[in-house]
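Undergrad: Have a look at this one before I ask anything.
The values are calculated or read from the model by the stated rules, or taken from the named source; none is laboratory data. For clarity, every value in this text was computed on a predicted model and none was experimentally measured. We work out accessible area using only protein heavy atoms, side chains counted, and drop any ligands, DNA or RNA first. Shrake-Rupley method; radii C 1.70, N 1.55, O 1.52, S 1.80 Å.
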Amino acid sequence: MTIHQERIEQRLRELTTEIAKGNRQLETLEQRRIEIEQTLLRLSGAVQVLSELLDAGHSPHHSSPADSARADSSGPSALAAGG
């Protein structure tokens, strides 16, 4: 084997190693991208829920389940029954 062939083979090994290293980095980055995407989806969902809660709190007909229960027991049907 000549010196020239040895250098080519050495360079081939180096490049093969670099490709494997690059592929591992891509896999790591892809996993991180997925994790970040999932986090953003959770945050987006939380923002939507909180926005809806705020919107419901500012509506003129806002009532909690407890308010509804009180209204049911003291509403018109309760008065008609002598309540």
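Undergrad: Look at segment 17-47 and say how many of its residues are of a type outside the set (V, I, T) and within 11 Å of the chain's Cα centre (by Cα). Step through it out loud before you land on a result.
TA: Looking only at segment 17-47, we keep the residues that are of a type outside the set (V, I, T), and these are 18, 20-27, 29-33, 35, 37-38, 40-46.
In the following step, the residues that additionally are within 11 Å of the chain's Cα centre (by Cα) were identified as 35, 37-38, 40-46.
Residues that pass the stated criteria total 10.
Undergrad: How many residues does segment 1-53 contain that are among the aliphatic types (A, V, I, L, M) and open to solvent by 90 Å² or more (accessible area, probe 1.4 Å)?
TA: Applying the first criterion (among the aliphatic types (A, V, I, L, M)) to segment 1-53 yields 1, 3, 8, 12, 15, 19-20, 26, 29, 34, 36, 40-41, 43, 46-47, 49-50, 53.
Next, only the ones that are open to solvent by 90 Å² or more (accessible area, probe 1.4 Å) stay: 1, 3, 8, 12, 19, 26, 29, 40-41, 43, 47, 50, 53.
Looking only at that region, the number is 13.
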